[in-house]
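The values are calculated or read from the model by the stated rules, or taken from the named source; none is laboratory data. Since we're looking at a predicted model, the values are computed, not measured. Heads up, the Cβs are rebuilt from the backbone with ideal geometry, glycines too, and the neighbour counts pull from every protein chain shown.
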Amino acid sequence: MAGDEPEQQSPPPNQYDAADSALGEDQADSAASLTSSIVHYRTLHGRTYHSERGNALYWGSNDERQSEALDINHHAQTLAIGGKLYLAPLNKDEIKNVLDIGTGTGIWAIDFGDEFPDAEIIGTDISPIQPTWVPPNVRFVRSIDDWNVLFKRAYASLKPGGWLQSFEPSAVWETDDGTLPKDSALYQWGPIFTEWGAKSGRSFTVLEDELQRKAMESAGFVDIDEFNTKQPIGKWPADEALRERGEFVRIWLEQDAEGIVLFIAGVMGWSKEEVAAFLARFRREVRSGKYRPYFRNKIIWGKKPEA
Ligand SMILES: C[S@@+](CC[C@H](N)C(=O)[O-])C[C@H]1O[C@@H](n2cnc3c(N)ncnc32)[C@H](O)[C@@H]1O
């Protein structure tokens with residue numbers, strides 16, 4: 001039933017080459033081969049987290065289980081844009097230098113490097129969870145510690161005519177039919193992050209506050225355009241493509257929702273048992289198909305004016 005589907009902005013016309021949408025098994029395998037001594041930093045309830053580096057205060061686990069979850073989510077998110085790696089109208093012949101900030105396992109940077117063998121790709125991350133076996137034009141470096149000036153720095157670093165693209169998901173799960181009860185774990189997921197974000201100064205309302213567009217405009221970017229999508233969670237949509245995306249998101253969350261929520265819930269005073277009980281409820285609700293949850297994604301891109 002069309003009315004059951006989350007309204008979607010259609011992906012832009014297929015003016016760029018579609019990237020291979022297969023899951024990055026090679027990359028996941030390579031990530032798994034990193035020695036544990038490199039990634040073991042702080043430990044919480046048996047999960048590992050990045051070491052204190054700058055003021056990042058990143059909340060996600062950095063172990064193998066979470067890395068696999070990141071790769072599954074990467075696949076779900078590229079499906080949402082027709083298997084592409086980017087939407088900015090890049091001039092393929094002119095791409096020389098590419099920066100992927102918060103690269104995670106580096107899966108996007110590696111795929112981009114494969115697609116653009118003549119470009120130099122740098123991925124940054126506070127955790128060294130990237131594989132060592134990567135295309136020769138891809139390398140990884142560590143932290144960016146001040147996200148507030150990030151877009152201004154990006155602007156300063158770009159050549160005239162260069163593009164910045166930013167992807168941001170919302171932490172809030174919603175439904176169009178208002179069926180999500182306030183005591184459901186699905187409903188409670190968002191406030192855990194937005195409350196911690198407000199207290200810690202690491203905002204989880206970047207999308208809602210339209211921070212990407214504001215920061216890009218104030219940095220001086222032009223030709224700003226955006227693509228908004230509602231990402232279904234679970235297999236509730238009737239539409240086959242949306243159901244596939246929803247299933248990958250469910251698999252991503254079942255792979256390791258704990259690694260996403262454990263640190264923040266712990267800071268907010270939850271015990272490991274409370275987190276486990278919450279996640280069990282969360283899994284049941286997603287699997288039940290009773291609700292039609294989704295979260296919003298925003299991809300926005302802008303250009304440094306030509307000289
Ligand atoms: C949700 S993951 C996304 C990973 C990857 N971009 C993807 O789409 O699969 C966010 C990543 O940002 C990294 N990160 C968080 N704060 C950072 C900072 N201040 N500087 C560099 N990387 C950061 C984290 O370590 C994590 O790997």
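Which residue out of Phe204, Phe227 is within 16 Å of the ligand (Cβ to nearest atom), surrounded by 17 or more Cβ atoms within 10 Å (Cβ to Cβ), under 20 Å from the mean Cα position of the chain (by Cα) and outside any loop (DSSP other than H, G, I, E, B)?
Numbers: Phe204 fails: outside any loop (DSSP other than H, G, I, E, B).
When all the criteria are applied, what remains is Phe227.
Any residue in the range 96-118 that is within 10 Å of the ligand (Cβ to nearest atom), hydrophobic (A, V, I, L, M, F, W, C), without any contact (Cβ under 8 Å) to a residue 40 or more places away in the chain and closer than 30 Å to Ala198 by Cβ?
The answer is yes; a qualifying residue exists.
I need the full set of residues from the range 271-292 which are closer than 25 Å to Gly104 by Cβ and of a type in the set (Phe, Trp, Tyr), in order please. Answer for the range 271-292, where residues must be closer than 25 Å to Gly104 by Cβ and of a type in the set (Phe, Trp, Tyr): Phe278, Phe282.
Tell me which residues, restricted to the range 250-285, are among the small types (Gly, Ala, Ser), over 16 Å from the mean Cα position of the chain (by Cα) and either part of a helix (DSSP H, G or I) or surrounded by 15 or more Cβ atoms within 10 Å (Cβ to Cβ) (or both). Steps first, please.
Applying the first criterion (among the small types (Gly, Ala, Ser)) to the range 250-285 yields 257, 259, 265-266, 269, 271, 276-277, 280.
This time we only want the ones that are over 16 Å from the mean Cα position of the chain (by Cα), so: 265-266, 269, 271, 276-277, 280.
Within the range 250-285, Ala265, Gly266, Ala276, Ala277, Ala280 qualify.
In this structure, Phe151 does satisfy being under 30 Å from Ile264 (Cα atoms) and more than 12 Å from the ligand (Cβ to nearest atom).
Condition check ((1) at pLDDT below 90; (2) touching a strand residue (DSSP E or B) at 6+ places or on another chain (Cβ under 9 Å); (3) surrounded by fewer than 16 Cβ atoms within 10 Å (Cβ to Cβ)) across all residues:
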residue	(1), (2), (3)
Gly104	no, yes, no
Asp111	no, no, no
Pro117	no, no, yes
Gly123	no, yes, no
Ser143	yes, yes, no
Asp146	yes, no, yes
Leu150	yes, yes, no
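Give the residues of the range 262-290 that are of a type in the set (Phe, Trp, Tyr) and in contact with a helix residue (DSSP H, G or I) (Cβ under 6 Å, 6 or more places away or on another chain), sorted by residue number. Reasoning before the result, please.
Of the range 262-290, the ones of a type in the set (Phe, Trp, Tyr) are 263, 270, 278, 282.
Residues satisfying the conditions are Phe278, Phe282.
The listed residues are Ala19, Ala56, Ala31, and the only one of them that is crowded, with 17+ Cβ neighbours inside 10 Å, in a loop (DSSP other than H, G, I, E, B) and modelled with pLDDT under 60 turns out to be Ala19. Just one of the numbered conditions (1) basic (Lys, Arg); (2) modelled with pLDDT under 90; (3) more than 12 Å from the ligand (Cβ to nearest atom) is not true of Lys84: (2).
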